[in-house]
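Below: one structure, written as structure tokens.
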Amino acid sequence: MGPLSREAWAQRLGAFRGSPSAFMAGPEGESLGRDLLRDLRSEKLSEQTKVSLLALSMEFPDQLWPDAAEAEAAATSLLDTLHLLSPRPSVLRRPLLLAATAALVAGGALGPTSGASARLLPLLLGLAAGRDGDGVFGSASEQRLLQATAWECLRELESCRPGLLGGCLGLLRGLLGREGPVQPLSLLLALALRNGLVIRARAGASLGGLLTGSDFPTGGGPHTHPWDWTLAEEGDGRLQPQAPSCPAAEDGGRGLAALETSPEEVRELRATLAQLLDICYLLTPVAQAQLLWLLGWGLQGLRGQPPALFKPQLVRLLGTGQLALLHAVLALKAAFGEALFTAQDEALLLHRLTAAAQHPALPAPTHLFYLHCLLNFPENSPLGPSDEEGPPLLLGAQLCQGLLPSLLQEPMTLLAHLHLLCMLCADDGEEEGKGRVQGLRCYLEKVLAGLRQRASLAAGPRASATLCFRASYLVAACLAGQPTVLTSLTQGLAQLYQCRPALAPHFVDLLNSVGPELREPLRVALRQEVVLGTGSDGALRWHLQMLAKVAGRDGQSTTLRFLQGAAAHCSDWALQQALLQVCRSLLRDGVAGGLADLLQMLAGHLKDPDGRDHARLYYLLLAHLSETKLGMALGPSLTAPALASSLVAENQGFAAALTVQEAPPALRLSVGPRRLEGPSPVLQLLLEPLKPLYSLELRFHVGGQVYRPLDAVYVPCLLPGRPARPLLLPLQPRRPAPTRLEVSALYTTPTGRTCHAHLPPLQVKFEDLFLPFPSPPEDTGSRFFEELWASCLPKGTESRVWCPLGPEGLEALVSRRLGPFVVVAQSPDSYCVAIHLPPTSRLLLRLGPAQEDGVSVALLTDDWTVLPLAGDYLRGLSEAA
Amino acid sequence: MAQRAVWLVSHEPRTPACGTVRFSRRYPTVEKRAKVFNGASYVPIPEDGPLLNALLFELGLLDTDKDFVESRDSCARINKTSVYGLRLGGDELWPVVAFLKNGLIYASLPLVEQTLSPRPSLINNSGISQAFELLFGVQDFLYSSQKSDAELNTKLGQLPDLLLQTCPFGTLLDANLQSSLDNINVSSMTQPPKQPAWKTGTYKGKPHVSISILEKVKSMQYDKRDLADLWQVIGTVICKCDLEGIMPNVTISLSLPTNGSPLQDILVHPCVTSLDSAVLTSTSIDAADDSAFSGPYKFPLTPPSEAFNLCYYTSQVPVPPILGFYQMQEEEVQLKITVNLKLHESVKNNFEFCEAHIPFYNRGPITHVEYKVSFGQLEVLREKSLMIWTIGQKFPKSMAITLSGIITFGTKNPEKQPFDQICIGGTAYVKLHFKILDYTLTGCYADQHSVQVFASGKPKISTHRKLISSDYYIWNSKAPAPVAYGSLLL
């Protein structure tokens, strides 16, 4: 196929971006990566189209070339395309470099054995250092443009393969401040330095000449020697966090102390750090932040590098409101603590943060992030546990005034500020603060009242109701120990329900979410609120939903009276179901008295047959089940997963009681000694219950068609500690072969639940199928055996097996293992054994005479399929002893 | 500190999907690292379709808020920062930094360089602030001087190239996209080694420094004995320095007259090289702190090429520029209102415009108005239930003006008349809109002599000042009004 047109590519790229996975699964998916590489060299496509192709390969290399080999080939092709470009200025060089880098890394092809890596790395370094040897990049002005790109590619490669540039630290240092763009170079130097130090420290090695070598890692020049992978190999491909978020757990931080450094190296290091920090100002704010995170955490714990190095930067950084910069200062604070920030510095930082968290010139997301930082502030001497949110000690309530909630704020801001207010209210420490806390609590109540008023508006959006309930939840969670706050909250919420019963789902959700401190009083208040009404208003549906949650044993007479009154207004199915739902929850809570009358009335009078049936069922359950069983039957199921649908959830507990539950095995089952009874082989089963089981039914299943299906075995009752009679399970083989029985148990627990459990499978061994022939009259054994032998011979199979003997000797072995089947015994040296293998096979053995370590056995059978089984059996005879 | 992906989604209410992904960019090399760092807790990035849905759901922007949905509306789901976990099947994609602004959702997913369970704290993740910077940068680029949808589309079309420039591998190099765009267009890229990364190209031409001070004043006035009125000035100083040389040094000073109000909470641009400690510590949050520093406020800096916000400040002036009271009372079917406004004598009585908006929420259309104004004109927007009192350019000599009236309303039509959650019953406000040129309320100014330039040539220096109102409310004193904690005289 020839190159695609611009339109065809535009369409293809659009389709791919719509859904990459669907496109790749489609007919064009397979060839996309190949076509793309080919058409990059097409002369018919414009550079703009090619740039869009390269953009795709930068973003989705892992889809286009998923494995390392493909990625390697793609990177090679991209590099070839780069070399094929004419010396004219071109917009393709930059994206080609980026795409080749992305393809190598994303495909996992970057490494010492990769040819593309070996080409790309020196090329990038040469470009970056301004020493393009082979003149690929024509004009000098374009080279300068590409210089920054090359540095960025190298930084990405170093990020994905730490230690990669360990060999050129000296070179980077030399270039810094002399040549080229300062930002990418300093960021790469900081990263490579940090990575190199961590790798060396982990290996417990010294710094070596890491900082002083000043030439290309390839030796003489960009292309003369292979790339130096030593440090990257030492690093073992292990990724290094560039800004460890969990400093204590990082071996990078503390591990640096293990680095052996000579005084000169310490000096060199300090000089490099100082150089990097000096030019920090020249970087863009986001890059400054990156550098500070990298140096702050990266060099923490390094000997001879005082945190005071950072000090000259701090005033400048604290003056800005730039998020990235203040965040970086916080990182330095967390890394060095008191060593960098005195108590006064800490107070200043807190003041700046607090001001920034409410500064009207900054956007709301920034405010909220600063507030988060304040509540998780890395204090010099924290009082509480460090993972708990709370205002820092130095930030008194006085300073937080501007961070308190107001009804005019956006919901998220309001909640964040409300949270802070709750935390301030919870703090009833020293005496002099009491008045202020009292004032804050008053204010809290005002805010909550305002939120409730907004939520009570019938035309209000759901968001205002959601906000009100979230605020109530926050208050209940933070101030659970403050009864006065909770009392007024309860009253306020009860009033809100009175104003707007349609919020019932929110109330149910709140009751489900809050702790008992609020749940119990609120439940009682809401129940009273509901049952004091007549039940005749339009909100009956909500009242019933509410009541199903809050009704209980307390105040049952008023509840029942309300329900009785409401029943008359339950005209449609949904309302009747809601009414029955309340009855059900009353049943579950063990309300009996008047409930039976109500149910009986409902069973007779409800218009909908479904409703009548339900009522009758509840009545029957109430009449026939004990209270605990009722609770069990109607209570929520513990094993079933919680389903979101209320329809399903509603019946879960009830259904659980009436259907079979999957359960872990509640008894142990094993095969006992062999018994020869009746015309077929029998397995003796020993039962050992782990808990009381009733109406136990054991079901057996044999795979394949080897045996006839087995009947289930019933046991009325099994109690732990009380011996159970062994069970006999008759087997009906269709062929004489060992097998495995799958076993499952169905039983009822003392609580009335029916459970089903899979038990470990049982093994039926070959010898379990042995049956004796009817014993011949006395003294005719020998003739009987010879006749059997002769009758088998015509179509039988004969064989001879060496049966090793253990220390016990032949006689003991035979009597223990083969006793019932011996027809002729010329003790101690020869035995004739006849075994009937159901359904119709025979196995005849002649043993002896016994020799020193075994006995030779001649065997004859009319079923050749049992020969290998018999052979195995005989060879294993003595082992089983 | 890198980003795994970034998205721009337009929020389109009342359409089937409620939104469209306008731009997305994934960073495969960062994703590779995320897989290793996150280990078993790694959640891959979904394709744009599922992401759109999950994002809109999490931000509560799908149109389906008719019924209570526990997974969205539950009271226990509380977000206190703009960082979300998006639910995708059984997994949760976290931390997605996202916010909605002007109908566009800006979202980014920073790399977390450790396992995600248990969830690490946000404060310890540098990627979070980098994500915010990236998104703010995109937002500034899209909305700086952008007027129409067509312009927005053009700018969205430029985004892929710009991000290739400023964020090629997911690690942000510069949040100032506009300057990067200029950078692409600068043909001669002769960058000397000591040139700051945030300064593109060099200026050639006559030296010129321009300084504009814009002050906004906001206020909440209650006219109640137990509530304190609040007001605050927020200043922004915008500079543009056209100066030759790589790193010209400039010092800009802001001065106050003797009776001026001290500047507080000063936040400076990162190009400011050093700060006086008095500038750093002067803050409004500590009422006990009376160590007011009244300048001059010196800002030594190396200016970037483009216009920049040198600093922001707040200030507490002794009196609000216009003091007002508003009384509204319901009398049977009518509303009786009185509004009094008084311009403070110290304020320059020369407005570009001055209006008082008097809205009536949660009521029907205005059917009848009888009114009397001592000054200016009253315009009545009947359908919108709004009255606009145009005061004009000057207050009269007495500096005090009055409006009184009796208003009758028709039956409410929720489609046409505005609904408000706060203005219920008697709760109501008058909102003032005004602008005064060549004036600042604090008195803050920058003059010819306040700018020192250490570069060749004497620059022309131009300065501008203006004051505008923003959120200037006068609440009905006859009914409850929303209060901030600072208003409670305890």
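The values are calculated or read from the model by the stated rules, or taken from the named source; none is laboratory data. Bear in mind the structure is a predicted one, so any value in this text is a computation, not a measurement. Virtual Cβ from ideal backbone geometry, glycine too; neighbours counted across all protein chains shown. To get the accessible areas, we keep the full protein, side chains included, count just its heavy atoms, and leave off ligands, DNA and RNA. Shrake-Rupley method; radii C 1.70, N 1.55, O 1.52, S 1.80 Å.
Overview of values
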| item | result |
| --- | --- |
| Solvent-accessible area of A:W65 with every protein chain in place, 1.4 Å probe, in Å² to the nearest 10 | 10 |
| Per residue solvent-accessible surface (Å²) - segment A:710-816, probe of 1.4 Å | 57 |
| Convex hull volume per residue in cubic angstrom - Cα atoms of segment B:340-445 | 121 |
| Protection proxy ranking, peptides A:809-816, B:133-140, A:839-846, average beta carbon neighbours within 10 Å, highest first | B:133-140, A:839-846, A:809-816 |
| Chain pair B, A: total accessible area buried, heavy atoms, 1.4 Å probe, Å² | 9400 |
| Extension gain, A:E787 back to A:D872 (0.36 nm per residue minus Cα-Cα distance, nm) | 28.0 nm |
| Stokes-Einstein D in µm²/s, Kirkwood radius over Cα pairs - segment A:283-322 at 25 °C with 0.890 mPa s viscosity | 221 |
| Convex hull volume per residue for chain B, taking Cα atoms only, in Å³ | 203 |
| Relative contact order (%) - chain B, alpha-carbon pairs under 8 angstrom, separation at least six | 15 |
| Given charges at Cβ of Lys, Arg, Asp, Glu: chain A dipole, positive-most of A:A480, A:S42, A:L693 | A:A480 |
| Reach of A:K765 by Cα under 12 Å, taken over aspartates and glutamates that are not fewer than 8 positions away in the same chain | A:D872 |
| Amide H contacts of A:W65 (H built 1.01 Å from N, under 5 Å, at least 5 apart or other chain) | none |
| Integer Hz, Karplus 6.51/-1.76/1.60 couplings in order for segment A:612-628, x for Gly and Pro | 4, 4, 4, 4, 5, 4, 4, 4, 5, 4, 4, 6, 10, 9, 6, 4, 5 |
| Only Lys, Arg (+1) and Asp, Glu (-1) charged, at Cβ; segment A:6-101 dipole about Cα centre in debye | 460 |
| Label-point separation, B:A278 to B:K66 (7 Å along Cα→Cβ), nm | 6.5 |
| Simple spin-label estimate for B:E370 and B:E332 in nanometres, 7 Å along Cα-Cβ | 1.1 |
| Local electrostatic count, A:L187, Cβ distance below 15 Å [Lys/Arg +1, Asp/Glu -1] | -2 |
| By average C-beta atoms within 10 angstrom, highest first, the peptides B:356-367, A:361-372 | A:361-372, B:356-367 |
| Farthest toward positive dipole pole in segment A:735-881 [+1 Lys/Arg, -1 Asp/Glu at C-beta], among A:L771, A:L843, A:A757 | A:A757 |
| Interatomic Cα distance distribution for the protein assembly as shown, bins of 10 angstrom, percent | 1, 7, 12, 15, 15, 13, 12, 10, 7, 4, 2, 1, 1, 0, 0 |
| Linear extension gain, A:S381 paired with A:R17, 0.36 nm per residue minus alpha-carbon span | 125.9 nm |
| Shielding by other protein chains, A:58-71, mean Cβ within 10 Å | 2 |
| Given B:K435/B:K466; B:K206/B:K460; B:K194/B:K298; B:K224/B:K431, the pairs whose alpha carbons are separated by over 19 Å | B:K194/B:K298 |
| At least 20 Å along the helix axis (C-alpha) and Kyte average at least 0.0, DSSP helices within chain B | B:126-143 |
| Residues of segment B:98-131 buried by at least 30 Å² on assembly (accessible area, 1.4 Å probe, chain alone as reference) | B:E113, B:Q114, B:L122, B:I123, B:N124, B:S126, B:S129, B:Q130 |
| Kirkwood Rh in Å, taken over segment B:169-328 so that all alpha-carbon pairs contribute | 18.6 |
| Scaled radius of gyration (Cα, divided by 2.2 N^0.38 Å) that segment B:221-264 gives | 2.04 |
| Quarter of Cα convex hull surface for segment B:425-490, i.e. mean projection, nm² | 7.9 |
| Accessible carbon and sulfur surface of segment A:438-567 relative to its total accessible area, %, 1.4 Å | 52 |
| nm² value of the averaged projected area, convex hull over the Cα atoms of segment A:53-166 | 6.4 |
| Accessible surface, 1.4 Å probe, highest first, among residues B:S385, B:S477 | B:S477, B:S385 |
| Zone of A:K44's modelled label, taken as backbone nitrogen in segment A:7-27 under 13 Å from a point 7 Å along Cα→Cβ | A:7-9 |
| Segment A:369-429: radius of gyration and largest Cα-Cα distance (Dmax), Å | 11.7, 36 |
| Extended-chain gain in nm, criterion 0.36 nm per residue less alpha-carbon gap, A:A502 and A:E688 | 61.3 nm |
| Dimensions (Å) - segment B:1-88, Cα atoms, principal axes, largest first | 42, 31, 20 |
| Selection from A:G555, B:L386, A:V524, by position along the positive dipole direction of the protein assembly as shown (Cβ) | B:L386 |
| Residue mean of other protein chain beta carbons inside 10 Å, A:99-110 | 2 |
| Interface residues in segment A:475-510 - accessible area drops by 10 Å² or more relative to the isolated chain, probe 1.4 Å | A:P505, A:H506, A:D509 |
| Sequence-distant residues sharing a close amide H with A:V764 (under 5 Å, placed H) | A:T739, A:R740, A:L741 |
| Net charge of neighbours whose Cβ lies under 15 Å from the Cβ of A:L45, counting Lys and Arg as +1 and Asp and Glu as -1 | +1 |
| Average accessible area per residue (Å²) across segment B:48-170 - probe 1.4 Å, nucleic acids and ligands excluded | 37 |
| Estimated dipole of segment B:206-321 in Debye, rounded to 20 [Cβ of Lys and Arg +1, of Asp and Glu -1, Cα centre] | 260 |
| Segment A:17-61: Rg to Rh, with Rh as the Kirkwood radius over Cα pairs | 0.98 |
| Cβ neighbours within 10 Å from other chains - mean over B:158-170 | 4 |
| Per residue solvent-accessible surface (Å²) - segment A:370-521, probe of 1.4 Å | 40 |
| Percent antiparallel among DSSP beta bridges (both partners in the protein assembly as shown, rounded to 5) | 90 |
| Segment A:1-77 - Rg over Rh from alpha carbon coordinates, Kirkwood radius | 0.93 |
| Cβ-placed point charges (K, R +1; D, E -1), dipole of chain B about Cα centre in debye, nearest 20 | 740 |
